[in-house]
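The values are calculated or read from the model by the stated rules, or taken from the named source; none is laboratory data. Owing to the predicted nature of the structure, the values given are computational and were not obtained by experimental measurement. Cβ placement follows ideal geometry from the backbone for every residue including glycine, while neighbour counts extend to all protein chains displayed. The area values use the complete protein model at the heavy-atom level, side chains included, leaving out ligands, DNA and RNA. Shrake-Rupley method; radii C 1.70, N 1.55, O 1.52, S 1.80 Å.
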Amino acid sequence: MKQLLILSGKGGTGKTTIAGAFIRLSQAKAYADCDVDAPNLHLITAHGAPNETDDYYGLPKANIDPARCIACDVCRQHCRFGAISEKPYTVDLFACEGCGLCARLCPVGAASMVPHVAGELMLYQDEQKTFSTAQLHMGSGTSGLLVTEVKNRLKTAADNAPFAVIDGSPGIGCPVIASLSGVDMVLIVAEPSLSGIHDMKRIVDTAANFGVQTALCINKYDTNLSKAEEIEAFCREHHLAFTGKIPFDPMAVTAANDGKTVTDIDCPAGNAVKAVYENTMNLFFSENKPNENPS
């Protein structure tokens, strides 16, 4: 299964809007939302209840058995994260980092490490399509591991699909690293702003470290034409494939509010996305990889 990953250096660039449009235009049989901290692809890809839901277990958390606790205060004094309170001795699960020091030091074995549900995995599947996603619980870590599980479930459930579209996370953190692993191509959605260009360069460098073919498009390009030209110049200088630009369009918000993709309605942004889609998919299925290692 070939994988097309859609990323952005920062939030709010329209990454999910474009991912949803690509899924609709390609009639993709397999797709995933790997933005596990704030998944929202399901809002514009019309799904009912998931076929499968499973708890995701992250790192274990500390627990103190009040029946065995002798209130020696050793655990609280040595907890670097301030996760243990006294009278009675309890653990704040949001503050606990799962280091296990309290369990190691407790003289009577009252403190122990127990499995902790850190999120929920969801799989939507019918005869036409398979959609894998997840929701990380507030304050939980190990988001990269959860993203890997989302992708593995998609591969297992849709092993006959020719390709998959993956909506990634903004930034360059653990979820993005996990999303990049094993993909065939990355489309970066850039925003023509000072912060947008700064973060775009970071995600371009991150993708280059994986040796992944990279293309780039600009969303809301007409909000700052000089910055949009700066992005295009950057692509030329670094030999990055540029697949097009999309204008700012209030109708994109209207479509999302109605649970539709931007290509489901007749609007300037929808028409521009179709051109970006054609250019991107031509690269995605091309045998020539001109910019696998942009520098």
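Checking every one of the trypsin sites (Lys or Arg not before Pro) in region 74-171 against DSSP loop status and a limit of 16 other Cβ atoms within 10 Å picks out R80.
Its residues counted as N, the chain yields a C-alpha radius of gyration over 2.2 N^0.38 Å of 1.17.
Report the semi-axes of the equivalent ellipsoid for region 155-281 in whole Å, largest first, where each axis is √(5λ) for an eigenvalue λ of the Cα gyration tensor.
Values: eigenvalues 107, 91, 36 Å².
For region 155-281, the semi-axes come out at 23, 21, 13 Å.
Once the Cβ-Cβ distance between M138 and S85 is put in as r, and R0 is 25 Å, what FRET efficiency do you end up with, to the nearest 0.05? Write down the numbers at each step before the final one.
Numbers: r = 20 Å, r/R0 = 0.80.
Computed FRET efficiency for M138 and S85: 0.80.
Taking all protein chains in place and a 1.4 Å probe, what share, in percent, of the accessible surface of the chain do carbon and sulfur account for? Display every interim value, and only then the final one.
Values: 7100 of 13880 Å².
The value for the chain is 51 percent carbon and sulfur by accessible area.
Rolling a 1.4 Å probe over the protein heavy atoms leaves E120 with an accessible area of roughly 70 Å².
Straight-distance candidates among the lysines for linking to K29, with alpha-carbon spacing under 18 Å and chain neighbours fewer than 8 residues away dropped: K2, K129, K151, K155, K260. Protein heavy-atom accessible surface, 1.4 Å probe, per residue over region 107-183: 41 Å². Working from label points 7 Å from Cα in the Cα-to-Cβ sense, the D126 to Q27 distance is 1.5 nm.
The chymotrypsin sites (Phe, Trp or Tyr not before Pro) of region 12-93 meeting both criteria, a DSSP state outside H, G, I, E and B (loop) and at most 15 other C-beta atoms within 10 angstrom of the site's C-beta, are F81.
Taking the Cα centre of each part, how many Å lie between region 196-240 and region 99-130? Measuring centre to centre over Cα atoms gives 38 Å. Converting phi to 3J(HN,Hα) with the Karplus coefficients 6.51, -1.76 and 1.60 and the offset θ = phi - 60°, region 271-283 yields 5, 5, 4, 4, 5, 4, 4, 4, 5, 5, 5, 4, 5 Hz in sequence order, with x at every glycine or proline. Taking a point 7 Å from the Cα of D92 along the Cα-to-Cβ direction, the residues of region 111-125 with backbone N closer than 20 Å to it are 111-114, 116-118.
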